[in-house]
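Here the structure is laid out as structure tokens; the discussion comes afterwards.
The values are calculated or read from the model by the stated rules, or taken from the named source; none is laboratory data. Note that this is a predicted model, so its numbers are computed, not measured. Glycine also receives a Cβ, built like all others from the backbone with ideal geometry; neighbour counts cover every protein chain displayed. Remember, those area values only see protein heavy atoms, side chains included, never the ligands or the DNA or RNA. Shrake-Rupley method; radii C 1.70, N 1.55, O 1.52, S 1.80 Å.
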Amino acid sequence: MSEFRLDFHDTATAFADKSDSQLKEKYRIFRMLNSPFMNAIGTRAAKFALSLGLPIHGLIKASIYEQFCGGETIEECEGVINKLAASHIGTVLDYAVEGKATEDDFDRTKDEIIRTIQRAKDDPKLPFSVFKVTGIAPLGTLERLSEKRKLDAKSQAKCERIHNRVYEICEYAYSIGQPIFIDAEDSWIQDAIDRLALEMMEKFNRERPIIYTTLQMYRTDRLQYLRNARRQAKADGFILAVKLVRGAYMEKERERAAEKGYPSPIHATKAETDAYYDAALDYCLKHIDNISFVAATHSEASTHYLASKMHGQQIAPDHPHVYFSQLYGMSDNLSYVLAKNGYNVSKYVPYGPVAEAVPYLMRRAEENSSAAGHVTHELHLIEKELKRRKSSRG
Ligand SMILES: Cc1cc2nc3c(=O)[nH]c(=O)nc-3n(C[C@H](O)[C@H](O)[C@H](O)COP(=O)(O)OP(=O)(O)OC[C@H]3O[C@@H](n4cnc5c(N)ncnc54)[C@H](O)[C@@H]3O)c2cc1C
């Protein structure tokens, strides 16, 4: 058999739908992200200026926001949805509003999440929806639930409201057959999220995968969790559906563990996280008949690993139980090359009011500055494509 290879450096494919000026703007933003000083000053200054009501909304919207977000409303995302669909990439509308605290806020967010599911109804351009439990639930209650502490009457009432919101979202997704991800969050609230996700999978994944839980493979206990969940799914007769990520909150996890004096739940090294991530991919592939899964990663190595394993095991690139996923504005070289080769690919497209999306943008900026290798790689790919275009024009 010939050696399997996907060319993730095929920049003509990766940037086919970007004009020269769009590419140059992307280059400018990534250059800024590559400078830790500019990055730290820029994002904090933006947050501060917005909190003061300074008129920088337009500036942010036309720059970093446009690179990583689809628009301020679902309607404003239509352009991005169509652009991605033209390259056979699905959109996952991600309502990027965080840090809300009142019951009314949580209800409003729940209603907006339901609108994202409604928008996706019968539209293959939007293969998945998504939500974060912290968008619809108070942190304190999730923490108490995770610690299995006894709840007083007030917390009990909050807990019922959380359950009702999660149930309403999942039941609606099920009623229209729209698959939906439940994002993973901090380990000290994740037990509560896991229990909700398992309950929803048990209820709504009887015929096909609708509810997807998320596993952060930077956690040392997640491979065993995956095995246990599969056994439970098999015994109880539902399809296990998982989104596999490495995990976004490593620094916070380590800091809290050190502060409170418990062992960090995160692997000691990146190599261990990588090995666990790929082991989870192997495990899901091995049980592909009972597990539906999404490799949500910007790692070229893991993406190529999964694609080549599928090739080796003669699993069709568009097998309905295997999806790849990236974030909008990042790793287009993976998304577009995978899609061109017939794999199932989607991108998270965050949206929401500019001021509300700043925490999300800050995370992207911080993530990009801490994973400097990624940004340097993105810059290198853009340079390569600009040069290629120049020389092809003679
Ligand atoms: C579509 C999509 C959905 C996502 N959903 C979620 C979600 O629900 N919850 C969530 O937490 N994150 C989520 N993420 C973010 C994800 O967890 C990662 O933070 C991000 O994708 C970077 O990891 P990577 O696999 O892309 O690539 P890489 O750049 O190869 O890996 C970076 C990651 O490796 C791990 N790592 C880095 N250094 C070390 C170290 N020294 N020791 C141990 N581990 C280390 C960290 O997890 C770090 O984020 C999502 C990402 C995508 C693309």
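Keeping the other protein chains in place, figure out the carbon and sulfur percent of the accessible area of the chain, with a 1.4 Å probe. Don't skip to the answer; put the middle values down first.
Values: 9450 of 17610 Å².
For the chain, the apolar C and S fraction of the accessible surface comes to 54 percent.
Given R₀ = 41 Å, FRET efficiency for Ser308-Glu147 by Cβ-Cβ distance, to 0.05? Could the numbers behind the result be given before it?
Numbers: r = 42 Å, r/R0 = 1.03.
So the FRET efficiency works out to roughly 0.45.
Give the accessible surface of the chain per residue, rounded to a whole number of Å², with probe radius 1.4 Å and ligands, DNA and RNA excluded.
Numbers: 17610 Å² over 394 residues.
Value for the chain: 45 Å² per residue.
What nm distance separates the two modelled labels at Ala157 and Ala301, each placed 7 Å from Cα along Cα→Cβ?
With each label point 7 Å from Cα toward Cβ, the separation is 5.2 nm.
Give me the extension gain from Glu202 to Asp221: residue separation times 0.36 nm, minus the current Cα-Cα distance, reported in nm with one decimal. Each step should come with its number before you reach the end.
Details: separation 19, 0.36 × 19 = 6.84 nm, distance 2.16 nm.
Length gained between Glu202 and Asp221: 4.7 nm.
Write down the percent of antiparallel bridges among all DSSP beta bridges whose residues are both part of the range 118-258, to the nearest 5. Mind dumping the intermediate values first?
Details: 0 of 9 bridges.
If we restrict to bridges inside the range 118-258, about 0 percent are antiparallel.
Placing +1 on the Cβ of each Lys and Arg and -1 on the Cβ of each Asp and Glu in the chain, which of Ile291, Pro353, Tyr305 has its Cα farthest towards the positive end of the resulting dipole?
Of the candidates, Tyr305 comes out farthest on the positive side.
For the range 191-301, what does the equivalent ellipsoid look like in terms of its semi-axes, each the square root of 5 times an eigenvalue of the Cα gyration tensor, given largest first in whole Å? Before the final figure, lay out each step's value.
Working: eigenvalues 132, 54, 25 Å².
The answer is 26, 16, 11 Å, longest axis first.
Greater than 24 Å separation of Cα atoms is the criterion. Which listed pairs, Lys150/Lys260; Lys26/Lys110; Lys110/Lys252; Lys154/Lys252; Lys234/Lys347, meet it? Working shown, then result.
Details: Lys150/Lys260 21 Å; Lys26/Lys110 33 Å; Lys110/Lys252 26 Å; Lys154/Lys252 29 Å; Lys234/Lys347 30 Å.
The pairs that break the limit, which is 24 Å between Cα atoms, are Lys26/Lys110; Lys110/Lys252; Lys154/Lys252; Lys234/Lys347.
Taking the radius of gyration and the Kirkwood hydrodynamic radius from Cα positions alone, what is the Rg/Rh ratio for the chain, to two decimal places? Write out the running numbers ahead of the final one.
Numbers: Rg = 20.7 Å, Rh = 21.8 Å.
Rg/Rh: 0.95.
Considering only DSSP states other than H, G, I, E and B, which GluC sites (Glu not before Pro) in the range 57-107 qualify as loop sites with at most 16 other Cβ atoms within 10 Å? Intermediate values should be presented prior to the final figure.
Details: sites: Glu66, Glu72, Glu75, Glu76, Glu78, Glu98, Glu103; in loops: Glu72, Glu98.
Taking the range 57-107 and a limit of 16 other Cβ atoms within 10 Å, the loop GluC sites (Glu not before Pro) found are Glu98.
Between Rg and the Kirkwood Rh of the range 241-394, both from Cα atoms, what is the Rg to Rh ratio?
With Rh from the inverse mean 1/r over Cα pairs, Rg/Rh is 1.01.
If you filter the range 108-148 for GluC sites (Glu not before Pro), then keep DSSP loop positions with at most 12 other Cβ within 10 Å, what is left?
The qualifying sites are Glu147.
Which value, in Å to one decimal place, does the Kirkwood hydrodynamic radius take for the range 131-276 when every pair of different Cα atoms is included? Walk me through the numbers before you get to the answer.
Numbers: mean 1/r = 0.0621 Å⁻¹.
One decimal place: 16.1 Å for the Kirkwood radius.
Report the full-extension gain for the segment Glu168 to Asp123: residue separation times 0.36 nm, less the Cα-Cα distance, to one decimal in nm.
On the way: separation 45, 0.36 × 45 = 16.20 nm, distance 2.09 nm.
The Glu168-Asp123 span can extend by a further 14.1 nm.
Highest mean first, how do 187-200, 255-268, 338-351 rank when packing is the count of other Cβ atoms within 10 Å averaged over residues? Spell out each step's value before the answer.
Values: 187-200: 20.1, 255-268: 13.1, 338-351: 22.1.
Per-residue Cβ counts within 10 Å, averaged per peptide and sorted highest first, yield 338-351, 187-200, 255-268.
Just to check, using Stokes-Einstein with a Kirkwood Rh over alpha carbon pairs, what's the diffusion coefficient of the range 315-362 at 25 °C and 0.890 mPa s in µm²/s?
Numbers: Rh = 12.2 Å.
It diffuses with D of about 201 µm²/s by this estimate.
Placing unit charges on C-beta atoms (Lys and Arg positive, Asp and Glu negative, everything else neutral), compute the dipole magnitude of the range 153-206 about its Cα centre in debye, rounded to 20. Walk me through the numbers on the way to the answer.
Values: 7 positive and 10 negative charges, 52 e Å.
About 260 debye.
Compute the length gained on full extension between Leu386 and Asp318: take 0.36 nm times their separation in residues and subtract their Cα-Cα distance, giving the result in nm to one decimal. Don't skip to the end; give the middle numbers.
Numbers: separation 68, 0.36 × 68 = 24.48 nm, distance 3.13 nm.
Contour length minus Cα-Cα distance gives 21.3 nm.
At what distance in nm do the modelled label points of Arg256 and Lys234 sit from each other, each positioned 7 Å from its Cα along Cα→Cβ?
Placing both labels 7 Å beyond Cα along the Cβ direction yields 3.3 nm.
If the only charges are +1 at each Lys and Arg Cβ and -1 at each Asp and Glu Cβ, what is the size of the charge dipole of the chain around the Cα centre, to the nearest 20 debye? Intermediate values should be presented prior to the final figure.
Details: 55 positive and 55 negative charges, 110 e Å.
Using Cβ point charges on Lys, Arg, Asp and Glu, the chain gives about 520 debye.
Tell me, what is the FRET efficiency for Lys83 and Asp111 to the nearest 0.05, using R0 = 22 angstrom and their Cβ-Cβ distance as r?
0.20
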